[in-house]
Amino acid sequence: MEMKHIQKHISLRCSNQGFTIIELLVAMVVSLLAMAAIYSTFLAQHRSYQVQEETAEMQQNIRAAMFYMQREIRMAGDDPFNVGGFGITTANAGLITFTEDVRGIDVGAPPVPGPPDGDVGDPNENITYRLNGTDLERIDNTVFPVVPQVVAQNIDALDFVYLDDSSPPIVLNPGGGNVPAGSEGLIRSVEITIVARTDDPLLFGSTNNRAYVNQQGFQILPPQGDNVSRRTLTTLIHCRNRGL
């Protein structure tokens, strides 16, 4: 009986010993390594998602801006009554103003735009596009007070290149300058280049030291040295009403 009691006492003491400090340290290290691997994977996936979301928003922003400008500038100089004098009135590298007879006085109830009436004094017939800071603005010069409408945000560069009808076309504002006053009537097409940026710097992104140029090879945005991702979009608009 005494031997059995001693064996039972020894077995009870062995079962109450638990883990040693070394075993606990090893378990903690293994757990920390596993947690670090999981966090690293989560961080990489979160970064990828953030980059994709920011890039998609930027691309949508730049395409919407180009759509609005392309649609209206193509109609510059629309003159169904052959009044004359309508077209591109200001042709700068960073700003364009144009006129077009595309509507008349509102008629009916509810009011709707009437047909062209031989002048450019109606809404949306005297338009300016410009870059103000990082906002691409559209200004309707027939509405008072003039209130710029923000077409797109986070735009770092807006560049206009004006071409004549030569073959090959001659650039009327070489080197990023302005078309000389009185030569606006020679414009037959407009090349637009927009550089858009992401809203926020991308975490863990590499430094962006790229210089951005237009299709003529002229630099329109020098290297910024930041962690912002940028995209360039260029289009060539033929002004269908010019030279008719």
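Here's the yes/no breakdown for (1) surrounded by fewer than 18 Cβ atoms within 10 Å (Cβ to Cβ); (2) in contact with a Gly (Cβ under 9 Å, 6 or more places away or on another chain); (3) modelled with pLDDT of 90 or more; (4) within 28 Å of ASP122 (Cβ to Cβ):
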residue	(1), (2), (3), (4)
SER166	yes, no, yes, no
GLN216	yes, yes, yes, no
THR232	no, no, yes, no
THR235	yes, no, yes, yes
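Quick check on segment 198-211. Is at least one of its residues in contact with a strand residue (DSSP E or B) (Cβ under 8 Å, 6 or more places away or on another chain), open to solvent by less than 60 Å² (accessible area, probe 1.4 Å), under 24 Å from ILE127 (Cα atoms) and in a strand (DSSP E or B)?
In the first step, residues of segment 198-211 are kept if they are in contact with a strand residue (DSSP E or B) (Cβ under 8 Å, 6 or more places away or on another chain); the result is 198, 201, 207-208, 210-211.
Now drop any that are not open to solvent by less than 60 Å² (accessible area, probe 1.4 Å), which leaves 198, 208, 211.
Adding the requirement that they be under 24 Å from ILE127 (Cα atoms) leaves none.
Within segment 198-211, not a single residue is in contact with a strand residue (DSSP E or B) (Cβ under 8 Å, 6 or more places away or on another chain), open to solvent by less than 60 Å² (accessible area, probe 1.4 Å), under 24 Å from ILE127 (Cα atoms) and in a strand (DSSP E or B).
Among the residues in segment 4-18, are any at pLDDT 65 or above and either out of contact with any helix residue (DSSP H, G or I) (no Cβ under 7 Å at 6 or more places or on another chain) or within 18 Å of ARG197 (Cβ to Cβ) (or both)?
Of the residues in segment 4-18, the ones at pLDDT 65 or above are 18.
Checking the rest, the ones that are also either out of contact with any helix residue (DSSP H, G or I) (no Cβ under 7 Å at 6 or more places or on another chain) or within 18 Å of ARG197 (Cβ to Cβ) (or both) come to 18.
Yes, there is a match, as at least one residue in segment 4-18 is at pLDDT 65 or above and either out of contact with any helix residue (DSSP H, G or I) (no Cβ under 7 Å at 6 or more places or on another chain) or within 18 Å of ARG197 (Cβ to Cβ) (or both).
Scan segment 151-175 residue by residue and report those that are out of contact with any strand residue (DSSP E or B) (no Cβ under 7 Å at 6 or more places or on another chain) and not in a loop (DSSP other than H, G, I, E, B).
The answer is PRO174, GLY175.
When TYR49 is evaluated against the numbered criteria (1) part of a helix (DSSP H, G or I); (2) modelled with pLDDT under 85; (3) more than 27 Å from the chain's Cα centre (by Cα), which criterion, by number, is the only one it fails?
Among (1) part of a helix (DSSP H, G or I); (2) modelled with pLDDT under 85; (3) more than 27 Å from the chain's Cα centre (by Cα), the lone unmet condition for TYR49 is (3).
Looking at segment 105-150, which of its residues are free of Cβ contacts under 8 Å to residues at least 60 places away in the same chain, assigned to a strand (DSSP E or B) and either among the aromatic types (Phe, Trp, Tyr) or exposed (fewer than 15 other Cβ atoms within 10 Å of the Cβ) (or both)?
Of all residues in segment 105-150, those free of Cβ contacts under 8 Å to residues at least 60 places away in the same chain come to 105-128, 130-133, 135, 137, 139-150.
Filter again for assigned to a strand (DSSP E or B), leaving 105-107, 112-114, 126-128, 130-132, 135, 137, 139-140, 149-150.
If the condition is that a residue be free of Cβ contacts under 8 Å to residues at least 60 places away in the same chain, assigned to a strand (DSSP E or B) and either among the aromatic types (Phe, Trp, Tyr) or exposed (fewer than 15 other Cβ atoms within 10 Å of the Cβ) (or both), then ILE105, ASP106, VAL107, VAL112, GLY114, ASN132, GLN149, VAL150 are the ones that fit.
Just give me the residues in segment 218-230 being assigned to a loop (DSSP other than H, G, I, E, B) and surrounded by 14 or more Cβ atoms within 10 Å (Cβ to Cβ), in sequence order. Break it down stepwise before answering.
Residues of segment 218-230 assigned to a loop (DSSP other than H, G, I, E, B): 218, 222-225, 227-229.
Across segment 218-230, the qualifying residues are PHE218, GLN224, ASN227, VAL228, SER229.
The values are calculated or read from the model by the stated rules, or taken from the named source; none is laboratory data. Since we're looking at a predicted model, the values are computed, not measured. Because the Cβ atoms are built from the backbone with ideal geometry, glycine has one as well, and the counts that use them run over all protein chains shown. Surface accessibility is based on the protein's heavy atoms, side chains included, excluding ligands, DNA and RNA. Shrake-Rupley method; radii C 1.70, N 1.55, O 1.52, S 1.80 Å.
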